[in-house]
Amino acid sequence: LRFTSLRYPNIYGPRQDPKGEAGVIAIFTGQMLRDQPVTINGSGEQLRDYLYVGDCVTANLLALEGGDGGMYNLGWGVGVSVNELFEKLSAFTGYKGEPIHGPAKPGETFRIFLDAAKAREELGWSPTVTLDDGLKRTVEYFQVRE
């Protein structure tokens, strides 16, 4: 059995459930557009690598053609703090509230971002949708539905 493994960072974009337990971008966007309080767990200095769903789809399609048994990290290789994410989404949604800082989640990884050099070299994949562009697209999607 031939297979290829892709290791995803935090995937976000349109159609993600804003009422779920995961997906901070969708959750924050939904709360901001409804002018509800937004809670950041812990200090908000946790670093994550956020990848737009369209870039993830492209990686999957390339892996179908050329992955053949490989294991690949996806992502920008850059950590973005939850606080920075809050600020960007506030600007894109027009949200005026301040975040509420709740307790940190037990066992939460404080920083994770992935080196996707192997995916670039072997699959010819690189992310193309910047965080700002991806956030704008996501907010526009939810603005129509909220």
Report summary line: For strands (runs of 3 or more DSSP E) lying entirely in the stretch 15-87, having 1 or more residues that are surrounded by fewer than 17 Cβ atoms within 10 Å (Cβ to Cβ), polar (S, T, N, Q) and in contact (Cβ under 8 Å) with a residue 24 or more places away in the chain picks out 39-41
Requested in this report: Could you grab me the full set of residues in the stretch 118-129 that are surrounded by 13 or more Cβ atoms within 10 Å (Cβ to Cβ) and either more than 25 Å from Val82 (Cα to Cα) or of a type in the set (Lys, Arg) (or both)?
Outcome: Lys118, Ala119, Arg120, Glu122, Leu123, Trp125
Query raised in the report: Lys118 is checked against (1) in a helix (DSSP H, G or I); (2) without any contact (Cβ under 8 Å) to a residue 12 or more places away in the chain; (3) not aliphatic (A, V, I, L, M) and fails just one. What number does that condition carry?
Result: (2)
Query raised in the report: Counting just the residues of the stretch 1-38 that are of a type in the set (S, T, N, Q) and more than 10 Å from the chain's Cα centre (by Cα), which one comes out nearest to Gly69 (Cα to Cα)?
Result: Thr4
Requested in this report: Working only within the stretch 129-146, note down all residues that are among the hydroxyl-bearing types (Ser, Thr, Tyr) and touching a residue at least 12 places away in the same chain (Cβ under 8 Å).
Outcome: Thr138, Tyr141
Query raised in the report: Being within 16 Å of Gly77 (Cβ to Cβ) and acidic (Asp, Glu), is that true of even one residue in the stretch 105-121?
Result: yes
Query raised in the report: All but one of (1) part of a loop (DSSP other than H, G, I, E, B); (2) in contact (Cβ under 8 Å) with a residue 40 or more places away in the chain hold for Ser126; which doesn't?
Result: (2)
Report task. Please work out which residue is least open to solvent (accessible area, probe 1.4 Å), limiting yourself to the stretch 88-117 and to residues that are basic (Lys, Arg) and modelled with pLDDT of 95 or more. Result -> Lys88
Query raised in the report: Looking at this structure, is Ile112 over 15 Å from the mean Cα position of the chain (by Cα) and under 28 Å from Gln31 (Cα atoms)?
Result: no
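The values are calculated or read from the model by the stated rules, or taken from the named source; none is laboratory data. Please read these numbers as outputs of a predicted model, since none were measured by experiment. Positions of Cβ are backbone-derived with ideal geometry, glycine not excepted, and every protein chain shown enters the neighbour counts. What goes into the accessible areas is simple: the full protein's heavy atoms, side chains included, and nothing from ligands, DNA or RNA. Shrake-Rupley method; radii C 1.70, N 1.55, O 1.52, S 1.80 Å.
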